[in-house]
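Trainee: Just dropping this structure here.
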Amino acid sequence: MKNVKMLALAGATVAAISGNAFAADRTDLHGSDYKWLQFNAMYSIGEKPDNPASGDQHNYLEMEFGGRSGVVDLYGYVDVFNLANESTDNGDKNPGSGTSKIFMKFNPRFSIDAITGKDLSFGPIQEVYFSTLFNWDGLNGEGVNSTYWGVGADVNVPWLGKTGMNLYGFYDMNAKEWNGYQFSANWFKPFYFFDNKSFLSFQGYIDYQFGADEDETAFVPKTSTGGNIFFGLYWHSDQYALGYGLKGFQDVYLLEDGAGALALESTGWSHYLSATYKF
């Protein structure tokens, strides 16, 4: 399952992603509103965690969306795995695996600048947010039902430009407890433009969890730190995008690599291929 975020921004247009910086004059809350929606046909090779006995490749369809409306900055996606429901799908998303066919990420951030009517920008920080993040996999009970709460900012990073950064506290809705923190960052950098106005972009994200409780007694032992990083190279036109992504994992989802009865691989590298249609 894809973890990010991003605002992962895996294929939106330059106008939709960067928009205009939220105006210092907050009298028109909707003056720089925008929205975008796209569908990504994806294929993953080597995604972690994976069970070496079942393989690590699968296809999925992703509906990805985002935008800005007043005080709310939004990013999200819904993934549907193994579209043909083939038991021969070489991975943990086949019908007999017992895993969910759907995963959803919902990442609303609320502009403190816009809510208070004050310009809180300083130095490289362009705007400050109250940030939230929700992950669901469609299963009740022991499925993925996790939330993150914290602060965020749009930061002007050399060469990358506007980069979303967030620091969260993690709350597990299944266990009903707080457990550690997560730092997230995402970027989208167009760097080469063609004569037909299409372009190449370097885009990606990082999610790093830390300060969590270790649990060596769990069925799959848990570590205190872990995360992933995604580096993507994409070609964009107004209507389409094609991309390749390289993603690195280290004890992702805090699952200790190779430990426990399943000996899940939670550390390593994976490859992602995508084809996008934009609305």
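The values are calculated or read from the model by the stated rules, or taken from the named source; none is laboratory data. Since the structure is predicted, the reported quantities are computational estimates derived from the model, not experimental observations. We place every Cβ from the backbone using ideal geometry, glycine too, and count neighbours over all the protein chains shown.
Trainee: Return a yes/no flag: does region 134-143 have any residue that is more than 15 Å from the chain's Cα centre (by Cα) and closer than 30 Å to HIS236 by Cβ.
Mentor: For region 134-143, residues more than 15 Å from the chain's Cα centre (by Cα) and closer than 30 Å to HIS236 by Cβ: absent.
Trainee: Could you check how many residues of region 219-275 are touching a helix residue (DSSP H, G or I) at 6+ places or on another chain (Cβ under 8 Å) and under 22 Å from PRO52 (Cα atoms)?
Mentor: So the count comes out to 7.
Trainee: While we're here: If I filter region 215-234 down to residues being at pLDDT 95 or above and not hydroxyl-bearing (Ser, Thr, Tyr), which single residue comes out as farthest from TYR148 (Cα to Cα)?
Mentor: Per the criteria, the residue is LEU233.
Trainee: For ASP238, only one of the following conditions fails: (1) of a type in the set (D, E, K, R); (2) loosely packed, with under 15 Cβ neighbours inside 10 Å; (3) part of a strand (DSSP E or B). What is its number?
Mentor: Among (1) of a type in the set (D, E, K, R); (2) loosely packed, with under 15 Cβ neighbours inside 10 Å; (3) part of a strand (DSSP E or B), ASP238 violates only (3).
Trainee: Condition (residue is more than 16 Å from the chain's Cα centre (by Cα), among the hydrophobic types (A, V, I, L, M, F, W, C) and crowded, with 16+ Cβ neighbours inside 10 Å) applied to region 205-212: is it met by at least one residue?
Mentor: yes
Trainee: While we're here: Assuming PRO190 fulfils every condition listed in (1) at pLDDT below 95; (2) surrounded by 15 or more Cβ atoms within 10 Å (Cβ to Cβ) apart from one, which condition is it?
Mentor: (1)
Trainee: Of GLY248, GLY260, GLY204, which residue is touching a Ser or Thr at 6+ places or on another chain (Cβ under 9 Å) and either small (Gly, Ala, Ser) or assigned to a strand (DSSP E or B) (or both)?
Mentor: From the options GLY248, GLY260, GLY204, the qualifying one is GLY248.
Trainee: Could you check region 41-79 and list, in sequence order, the residues that are closer than 17 Å to ASN107 by Cβ and not in a strand (DSSP E or B)?
Mentor: The answer is GLY70, VAL71.
Trainee: A follow-up question, please. Within the bounds of region 116-128, is there any residue that is hydrophobic (A, V, I, L, M, F, W, C), closer than 30 Å to ALA263 by Cα and either outside any strand (DSSP E or B) or modelled with pLDDT of 75 or more (or both)?
Mentor: No, every residue in region 116-128 fails to be hydrophobic (A, V, I, L, M, F, W, C), closer than 30 Å to ALA263 by Cα and either outside any strand (DSSP E or B) or modelled with pLDDT of 75 or more (or both).
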